[in-house]
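I have placed the structure first, in the form of structure tokens, so that the comments after it can refer back to it.
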Amino acid sequence: MYKRQTGINGVNITGGAGVSSPCPGCRIDLYRDDNDTLGETLAFLGGVTANAQGNFAFTLAQPLAAGQGLRTSSTPPAPSLIHI
């Protein structure tokens, strides 16, 4: 939706709001994913709340294995925050 992952450095994940779609206070859930063509995820890794600028930081319990990546999902704190 609005988030784009901007950095993976070992176990440290940082992200920011997408172009023209800030989401202050959004709940960001992170999932481990593989590199196939299906849109499923492999495991829930945790969640964090974005700050007032829509940025977030998250620390993984362990580094991602080779061939794995992240999928994120964001949820606004109020139903009127995102209209589309």
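The table that follows gives values for the structure above.
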quantity: Accessible area (Å², per residue) of the chain, counting only protein heavy atoms and a probe of 1.4 Å; calculated: 61 Å²
quantity: Percent carbon-and-sulfur accessible area, the chain, ignoring ligands, DNA and RNA, probe 1.4 Å; calculated: 53 percent
quantity: Under Karplus coefficients 6.51, -1.76 and 1.60, residue-wise ³J(HN,Hα) of segment 29-42 in Hz, glycine/proline x; calculated: 9, 10, 10, 6, 9, 9, 9, 8, 8, 7, x, 8, 10, 9
quantity: Environment charge at residue 34 (Cβ cut-off 12 Å; Lys +1, Arg +1, Asp -1, Glu -1); calculated: -1
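The values are calculated or read from the model by the stated rules, or taken from the named source; none is laboratory data. Keep in mind the model is a prediction, meaning the values are calculated, not measured. Every residue, glycine among them, receives a Cβ derived from its backbone with ideal geometry; neighbour counts consider all protein chains shown. With ligands, DNA and RNA removed, areas are computed over all heavy atoms of the protein, side chains included. Shrake-Rupley method; radii C 1.70, N 1.55, O 1.52, S 1.80 Å.
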